[in-house]
Every structure is written in C-alpha cells, then in structure tokens.
Amino acid sequence: MKRRKRNPWLTVAINLALIAAGLTALSFLPPDNSLAEVRRIGALKLCVPSEYPVLVEKDLQKPGFDVELARKIAEELGVRLVENEMMSMGKDFNPRNWQLTRGQCNVIAGGLADTETTRSFLQTIPTGIETGWVAVSKEPATPQEGQVWAVWPGSSGLDRIALSSWLRERGIRPVLLQSPDQIVDLIESGQIYGAIVERLIAAPLVSGQAYAMTWLAPETFTPVQLSQGLWKGDQTLYRAAKQAMEKIRASDWYGEAKVRYGLDAPIAVIQ
C-alpha cells in the first residue's frame, strides 16, 4: 500500500502556528517594570554583609568600596540608596546560602564572586576588583620551604583547607594570627618572612607601607572577580545599572575610590 505524501505546506503551517502560539504566550507575561518600580519608590535597595573590609565598613565617612559604588549607581539612576545589613551574607562565596529575597534587595554586594554558580541565578556587574590569597612581604615573594609565614584566613569563602594542604606539602611553617594588625610588627621584628591573607585584607596593610603583594600560586588559587548582582528577570534595572557602572568605572571618582581603599596597589605574579 502506497503511503500518502505529506503536504509540505502543512508542515509550514504547523510551524507558523507554533511560533504564533509562543508569541501569544509571551504577551501574557508580566512586563519587566523593575527600573520603573525603583524610580517610583525613589530608592534602590542594597543588601550587604555586616562588615567585609574593604568592601563594606562600619564607618559613616568611609562605608566601603562596594557601598560607595552602589551609592554612585543609585545617583546615576536618580534615586537614593537604602542599605540593608544582612547577617547571613559573607560566610562563603555561594550566594545561594545567603537567604536573600527580592523584597530585601534590588542589588547584592560585598563579596559577591562573579562565578558560574552566582550567574546561575543572578545577573552580575563586575566591579573591576578581584580577590584571592596573596603573600605580603617586603619584596615580591612566594613562600619557600622552611620559611615562617603568618596566616590570617579572615571570614571570606576562600578555600582554607586547600591553603593548609598547600603549605604543608611545601614545608612552609604557618603561624596563625589573632588579628591582621599583628602582621606589620611581626615582619619588622623578623619573626616571620611575610603573611598570607585575602587580598582585601592585605589592601590597607600594603597601602602606604613598604610592602609588596604577590598572588599566591595563581595556578592553584585562581583570583576571584568580584561583582554586584541583580535578580534575573530585572532586565530594565540591570541594563540601567550596568550602564551606570560602566560610566562610573570610566570616571576619575573610580580611580580615587580605589586609592582611598588601598585597591590600587599592584599585585605581582611569581610562577
């Protein structure tokens, strides 16, 4: 029995019908009014950890690099910034564990890593700052076998277990600190060769001091790009904030802010 040939025009008609149905369905989706809503209430809500030097500080005159960036973005949008301190933030680099909601914040900042995990549910806007483990010493150096180095793990989500293993495998003698404030005195007294800390902790130590910063084994500890994040779906707000960030990063203010927070210091790389 001969099979009847399918009418080619029927296939075209079915495809057109499916496209039309899809476009019709899209027309019933709620419009993205995220930017309009921010402007309606006259405020951009920012979620930050209670403290994350030098990104978030408990200082009214010097509130932190990320906070000042968010204020400039709000200024560009023509609204005020409302800062919400979230105790759940800053414990690690996975913002899924921070338990944040749209009602609390339009923008998330203060240690937000620009990673694949973050981008899976947030839209990120790079701030031009990166962090990671660095070695602080009088000259650019990487820890060598037998040397004594102070270690201050801080409160960030950098991998402390990997760092501990790396030090042990290379025969480096670590000294745990009670505070990063001890670093300068210990280096000057010759008790340690240098200190291993997060780059953001090192920034104020190195700024204005006769010390150098070196990325610690970048082939093992890849530096992390930092960003500010907005919820997926808030496209109009995201586009406006991204445009504002690009304008800010090209301004003199941006360079001056990096200097104020010690984020302009060069970081050496030793393979």
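The values are calculated or read from the model by the stated rules, or taken from the named source; none is laboratory data. Computed from a prediction, not measured in an experiment: that's the story for all the values here. Cβ coordinates were reconstructed from backbone atoms using ideal geometry, including for glycine residues, and neighbour counts include every protein chain displayed.
Tell me which residues, restricted to segment 118-145, are aliphatic (A, V, I, L, M) and more than 22 Å from residue 269 (Cα to Cα). Passing the criteria: 122, 125.
Residues in segment 236-271 that are modelled with pLDDT under 95 and over 16 Å from residue 65 (Cα atoms): 266, 267, 268, 269, 270, 271.
Hey, does segment 90-113 have a residue that's buried (at least 18 other Cβ atoms within 10 Å of the Cβ), modelled with pLDDT of 85 or more and on the phi > 0 side of the Ramachandran plot? Break it down into steps so the answer makes sense when it comes.
Of the residues in segment 90-113, the ones buried (at least 18 other Cβ atoms within 10 Å of the Cβ) are 90, 93, 95, 98, 100, 105-113.
Now restrict to residues that are modelled with pLDDT of 85 or more: 100, 105-113.
In the following step, the residues that additionally are on the phi > 0 side of the Ramachandran plot were identified as 110-111.
Among the residues of segment 90-113, at least one is buried (at least 18 other Cβ atoms within 10 Å of the Cβ), modelled with pLDDT of 85 or more and on the phi > 0 side of the Ramachandran plot, which makes the answer yes.
Residue count for segment 44-70 satisfying the condition of being in contact with a Pro (Cβ under 8 Å, 6 or more places away or on another chain) and either farther than 27 Å from residue 239 by Cβ or not in a loop (DSSP other than H, G, I, E, B) (or both): 4. Of the strands (runs of 3 or more DSSP E) lying entirely inside segment 153-271, the ones with 1 or more residues being within 23 Å of residue 79 (Cβ to Cβ) are found at 224-231.
Whenever a residue of segment 48-67 is under 22 Å from residue 230 (Cβ atoms) and assigned by TED's automatic domain parsing to the domain that holds residue 111, its partners that are in a loop (DSSP other than H, G, I, E, B) and among the aromatic types (Phe, Trp, Tyr), lying with C-beta atoms within less than 7 angstrom and at least six residues away or across chains, give the pairs 65/261. Can you find, within segment 152-188, the residue that is nearest to residue 53 (Cα to Cα) among those that are exposed (fewer than 13 other Cβ atoms within 10 Å of the Cβ) and polar (S, T, N, Q)? So, considering only residues that are exposed (fewer than 13 other Cβ atoms within 10 Å of the Cβ) and polar (S, T, N, Q), the one nearest to residue 53 (Cα to Cα) is 179.
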